[in-house]
1. Can you give me the relative contact order of region 128-264 as a percent, contacts being Cα pairs under 8 Å and 6 or more apart?
2. Based on the inverse mean of 1/r over its pairs of different Cα atoms, what is the Kirkwood hydrodynamic radius of region 154-291, in Å?
3. Using alpha-carbon positions, what is the distance between the centroids of region 46-87 and region 319-383, in Å?
4. Can you work out the Karplus-derived ³J(HN,Hα) for every residue in region 223-232? Use 6.51 cos²θ - 1.76 cosθ + 1.60 with θ = phi - 60°, whole Hz, and x for glycine or proline.
5. Angle, helix 51-81 long axis vs. longest principal axis of the chain, Cα atoms, 0 to 90°, nearest 10?
6. If R0 is 35 Å, what FRET efficiency do you get for Lys269 and Phe157 from their C-beta distance, rounded to 0.05?
7. With 27 Å as the limit, write out which pairs from Lys212/Lys271; Lys12/Lys289; Lys331/Lys393; Lys297/Lys349 have Cα-Cα distances beyond it, or answer none.
8. List the aspartates and glutamates whose Cα sits under 20 Å from the Cα of Lys127, skipping any in the same chain fewer than 8 residues away.
Amino acid sequence: MQVTETLAEGLKRELKVVIPASELASRLDTYLEDLKGKVQIKGFRPGKVPSAHLKRLYGRQATAELLNEMITETTRSAVQERNEKPALQPEIDLADDDAEAILTGGADIAFTMSYDILPEFEIIDFKTISIERPVVEIDDSEVDEQIAQIANNNKPFETKDGAAEDGDRVLMSYLGKLDGEPFDGGADENGQLVIGSKQFIPGFEEQLVGLKAGDEKTIEVSFPEDYPAKHLAGKPVTFDIVVKEVQSAGEVTIDDEFAKGLGLDSLDKLKEIVRGQIESQYGAMTRQKIKRQLLDKLDERYQFDLPERLVASEFDGVWRQVEADMTNAGKSFEDEGSSEEETRAEYRKIAERRVRLGLVLSEVGDQNEIKVSDEEVQRALYDRVRQFPGQEKEVFEFYKSNPTALASLQAPIYEEKVVDYILELAAVTDKTVTKEELMAEDEEEGASS
């Protein structure tokens with residue numbers, strides 16, 4: 001094998017590889033000799049099929065398979081001998097005319113392999129990084145507020161005579177129509193709705209006020225402009241309503257008996273659980289804040305050339321999602337106050353940031369031998385499977401038989417473990433904030449990420 005470097009510019013590499021035709025011919029002879037003892041051909045005794053006959057029958061297919069094997073082997077070998085780490089699998093350029101000549105044994109195997117190598121950079125001292133951890137102190141009143149909401153959602157309802165009022169629950173059947181024709185998802189024979197809960201289309205609940213059991217009414221409303229079903233978004237529709245029953249809400253006393261009705265020992269136990277849930281919610285937000293701070297600081301500290309093809313691959317994935325979101329929203333770039341060119345430039349920077357930070361986190365993980373255990377991947381797989389009730393077996397088999405899909409479950413676990421490692425070294429100080437401040441920061445970051 002002869003390898004000649006034809007390009008070494010920044011992170012870009014290009015090699016010309018030549019393998020003598022005799023090596024392919026030798027492999028083919030060995031392959032056919034092995035095949036001779038396995039294949040059964042009418043008119044020949046086992047093991048007595050002439051090599052020339054086998055070559056006529058299987059030579060072209062075997063040569064193509066051996067050619068692919070040799071290209072894969074020599075590509076891997078060439079990179080290893082140069083002690084380089086390709087960012088992605090090298091691209092192979094073998095002209096069709098050359099391939100035909102090679103398959104007929106009339107030419108050496110000559111191809112070009114091009115790739116980007118991973119950049120080299122030094123890992124900084126993470127003790128020099130300062131992080132502020134926003135922490136919300138949970139007040140007893142917030143716990144009481146959550147419990148009051150639970151109580152409100154568990155109010156008993158009793159049938160009442162007379163017209164429906166705000167706070168009453170209406171049991172009904174309804175049929176939604178668009179341009180006079182029923183639409184999918186717009187019908188229910190046993191629907192129920194608490195007036196004032198704002199669980200339905202704006203304007204719907206208000207038109208139930210004053211109705212009694214047995215009443216029929218056609219309600220006119222319009223779907224919101226941002227409604228997920230695009231064929232209904234912003235459209236005026238009607239609902240034919242038949243009221244079956246009107247129920248009034250009873251009172252709930254928040255005490256030990258109420259907690260026992262929820263399957264708990266006491267009101268104190270309910271408060272303990274609710275507080276834990278609130279802490280978990282705020283903890284997840286806090287985690288996102290400090291992770292975002294850390295990534296921002298790493299992005300500031302690291303500036304190095306990026307593998308162009310790796311960035312292009314990341315950008316393509318991001319851009320496909322952007323286009324899908326725009327299509328689903330029925331909006332154009334101009335509607336968002338931008339242009340496609342400006343938006344592409346913005347998301348190109350996002351792709352570059354992701355690649356840069358991904359390389360940094362990967363290098364930190366490699367140097368410190370951070371691993372994801374099989375048990376952690378299994379837990380992630382089971383969590384994923386549970387998201388598809390009724391399709392558990394199919395989803396499980398898909399991931400088990402698809403290494404790339406399984407790796408997609410491992411990657412975020414690995415990233416979180418590397419982030420944890422860095423945060424243990426960084427100078428992290430707590431900063432008390434209000435719930436509103438924590439939520440407001442979330443909204444701002446969501447808009448800028």
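No value in this document is a laboratory result; all are computed from the given coordinates. Not measured: the values here are computed from a predicted model. Cβ placement follows ideal geometry from the backbone for every residue including glycine, while neighbour counts extend to all protein chains displayed.
1. RCO, region 128-264: 31 percent.
2. Hydrodynamic radius (Kirkwood, Cα pairs) of region 154-291 is 17.9 Å.
3. Their Cα centres are 38 Å away from one another.
4. Using θ = phi - 60°, the values come out as 5, x, 4, 9, 4, x, 7, 5, 6, 10 Hz.
5. For helix 51-81, the angle is close to 70 degrees.
6. 0.85
7. Lys212/Lys271; Lys12/Lys289; Lys331/Lys393
8. Straight-distance partners of Lys127: Asp296, Asp299, Glu300, Glu363, Asp366, Glu369, Glu415, Glu416, Asp420, Glu424, Asp430.
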